[in-house]
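Visitor: I am attaching a structure below and will ask some questions about it afterwards.
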Number of protein chains: 2
Amino acid sequence: MPQPIFNQVVEYNTEGLDRVFAAVADPTRRAILAALAQEPATVTEIARPFPVSLNAISKHILVLERAGLVKREVVGREHRCRLDPAPLRKASAWLEYYRKFWDLRLDALERHVISRKKGKRGTHGRSD
Amino acid sequence: MPQPIFNQVVEYNTEGLDRVFAAVADPTRRAILAALAQEPATVTEIARPFPVSLNAISKHILVLERAGLVKREVVGREHRCRLDPAPLRKASAWLEYYRKFWDLRLDALERHVISRKKGKRGTHGRSD
């Protein structure tokens, strides 16, 4: 099978993408990002709505930090976290390559529905 | 902190997204998807360019299958795999929510660059 884009895709920022995708593969971490998208918060504030320990949330935040998705600022005794969306942009760019495939699938589905509708109309008018 | 979109984001197709993001968090699996985007292939054909065992590739394909990204058809004694891009569309839709944040960042950067340029021009013309 031909694989001209193979190495290109593999080598394109591969470690960064690994970390970003692994980071957002967890619902708690996605929820933390959604919360930080509203406003920056301390670790304690982030942890409040979750039914898990502060320690567990801290670990999730660390995974997000390592992926570059969360930046932490130490202001006095407070650790303030904010969203950094830049790595998500790279993830989106990777996915963008596949857009043509799902667009194609939707096009094919649309054509199928239209041809079925036409077929039905044809059947009503004729005896075959 | 206000979290109106919290549960909405957490509950939106959470298991599906977990599996898709975890599946594409690996460079070998991303390379397999890139190969299948070119044309369907048997497991042996997929494994050929990789410096790892057929067994390792089989496991990667299984992860992709569980995420719904690869469909397998058994034709005679052959297992033919093809890309199913539909779950990537859902991943892209999740990322889409964050587009406004990276767009904002780029806008801010652009404004910063423009205002610096203007500042420089101003300095050339005047003595302040």
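Visitor: Region B:71-90: which residues show an accessible-area loss of 50 Å² or more, assembly versus chain alone, 1.4 Å probe?
Guide: Those are B:Pro85, B:Leu88, B:Arg89, which lose 50 Å² or more relative to the chain on its own.
Visitor: For A:Asp84, which sequence-distant residues (separation of 5 or more, or a different chain) have an amide H within less than 5 Å of its own amide H, given hydrogens modelled in the peptide plane?
Guide: A:Val70, A:Lys71
Visitor: From zero up to wherever the largest Cα-Cα distance of region B:61-116 sits, split into 5 Å bins and tell me the percent of pairs in each.
Guide: With 5 Å bins starting at 0, P(r) equals 5, 16, 13, 13, 10, 9, 8, 8, 7, 5, 4, 2, 1, 0.
Visitor: What are the nm distances, shortest first, from B:Ser53 to its equivalents in the other copies, labels at 7 Å along Cα→Cβ?
Guide: Nearest first, the other copies' label points are 3.7 nm away.
Visitor: Quick one: which residues, 5+ away or cross-chain, put their amide H under 5 Å from the amide H of A:His79? H built at 1.01 Å from N.
Guide: Counting only residues 5 or more places away or on other chains, the set is A:Val43.
Visitor: Suppose each label sits 7 Å from its Cα in the direction of the beta carbon; what would the A:Ala86-B:Leu54 distance come out to in nanometres?
Guide: 4.5
Visitor: Which chain A residue comes nearest the axis with its C-beta when you rotate A onto B, and by how many angstrom?
Guide: A:Phe21, 2
Visitor: Please identify every one of the trypsin sites (Lys or Arg not before Pro) in region A:33-108 that sits in a loop by DSSP and has no more than 14 other beta carbons within 10 Å of its own beta carbon.
Guide: Numbers: sites: A:Lys59, A:Arg66, A:Lys71, A:Arg72, A:Arg77, A:Arg80, A:Arg82, A:Arg89, A:Lys90, A:Arg99, A:Lys100, A:Arg105; in loops: A:Arg77.
Listed in order of number, the matching sites are A:Arg77.
Visitor: Charges only on Cβ, +1 for Lys and Arg, -1 for Asp and Glu: so what's the dipole of region A:39-88 about the Cα centre, in debye to the nearest 20?
Guide: Numbers: 8 positive and 6 negative charges, 26 e Å.
Charge dipole, region A:39-88, about its Cα centre: 120 debye, nearest 20.
Visitor: As a quick test, which of the pairs A:Lys71/A:Lys100; A:Lys118/B:Lys71; A:Lys71/B:Lys59 have an alpha carbon distance above 32 angstrom in this structure? Kindly include the intermediate steps, with their values, before the conclusion.
Guide: Details: A:Lys71/A:Lys100 34 Å; A:Lys118/B:Lys71 30 Å; A:Lys71/B:Lys59 35 Å.
Table pairs above 32 Å Cα-Cα are A:Lys71/A:Lys100; A:Lys71/B:Lys59.
Visitor: Could I ask something else about it? Sorted from shortest, what are the nm distances separating the label point of B:Glu73 from equivalent points in the other copies, each placed 7 Å from Cα along Cα to C-beta?
Guide: Spelled out, the distances from B:Glu73's label point are 5.6 nm.
Visitor: Taking amide H atoms as placed 1.01 Å from N in the peptide plane, list the residues 5 or more away in sequence, or in a different chain, whose amide H sits under 5 Å from that of B:Tyr98.
Guide: For B:Tyr98, whose amide H was placed from the backbone, there are no distant partners under 5 Å.
Visitor: Measuring nothing but label to label, 7 Å from Cα along Cα→Cβ, what are A:Lys100's distances to the other copies in nm, shortest first?
Guide: 3.1
Visitor: Here is a follow-up. How much accessible area is lost when chains A and B come together, counting both sides, with a 1.4 Å probe, in Å² rounded to the nearest 100? Display every interim value, and only then the final one.
Guide: Details: alone 9790 and 9780 Å², together 15220 Å².
Using a 1.4 Å probe on protein heavy atoms, the buried area is about 4400 Å².
Visitor: Going by Cα centres, region A:43-109 and region B:36-69 are how many Å apart?
Guide: When both Cα centres are located, 28 Å separates them.
The values are calculated or read from the model by the stated rules, or taken from the named source; none is laboratory data. It should be emphasised that the depicted structure is a prediction, and the values quoted were computed from it without experimental measurement. Every residue, glycine as well, gets a Cβ built from its backbone with ideal geometry; the counts of neighbours run over all protein chains shown. Note: areas computed on protein heavy atoms with side chains; ligands, DNA, RNA excluded. Shrake-Rupley method; radii C 1.70, N 1.55, O 1.52, S 1.80 Å.
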